[in-house]
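Notes follow the structure.
Taken together, the values in this text are just the output of simple stated rules run on the coordinates, not laboratory data. Because the structure is a prediction, the values reported are computed rather than measured. Virtual Cβ from ideal backbone geometry, glycine too; neighbours counted across all protein chains shown.
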Amino acid sequence: MPYIRTCFISLSQIAQDILNKDADKLNLCITDSIKYSSTFCWAFNTDLPMSDDALLLLRSYVTEDLYKSFRIHFNHHKSAAKAVLKFMALSTDRIKSHVWNVRFQAWKQWKRQHNITKVLLNGILRTAPIVALAREALETLIVVILVHKWILFVIIIIG
């Protein structure tokens, strides 16, 4: 999760840059309004868990907290909305490259190390919808459990 934290620190800097460039009100507390918003404060304080607003930003939602952090620096809703949309465009690209691609590459490497192929996964999901078992050459047992449309993988090393 450290790569998510560093991504959010860079996103807070992007938000500050947008506000410094486009804000209607010259305000000296731009840094504080971003740094202490619930969307970004967890990234600067390692003791705090990730906030719900941060999780929603990862899913490309604009939260009320994020909008208010921008709105207080603008005279009109329209200019604040434009700034938020500019931020969302940049943040979506940043999150994709620094969070989702990193997680995808780690998942891909893990599947390669454990000899898990698309054919194996398709066969497991087709044969048993609730619990499926498959043996691999490395004597690894893969248990796939479907829970409310989410797939939970449990890896058990045998032997």
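Where the centre of each part is set by its Cα atoms, how far does region 91-115 sit from region 44-70, in angstrom? Between the Cα centres of region 91-115 and region 44-70 lies a distance of 21 Å. With 28 Å as the limit, write out which pairs from K82/K108; K86/K111; K35/K82; K35/K78; K68/K96 have Cα-Cα distances beyond it, or answer none. The pairs that break the limit, which is 28 Å between Cα atoms, are K82/K108; K86/K111.
Each 5 Å bin, from zero up to the one with the longest distance, holds this percent of the alpha carbon pairs of region 2-110: 2, 13, 24, 24, 18, 10, 5, 2, 1, 1, 0. When you count the other C-beta atoms within 10 angstrom of each residue and take the mean per peptide, 6-14, 107-115 line up highest first as 6-14, 107-115.
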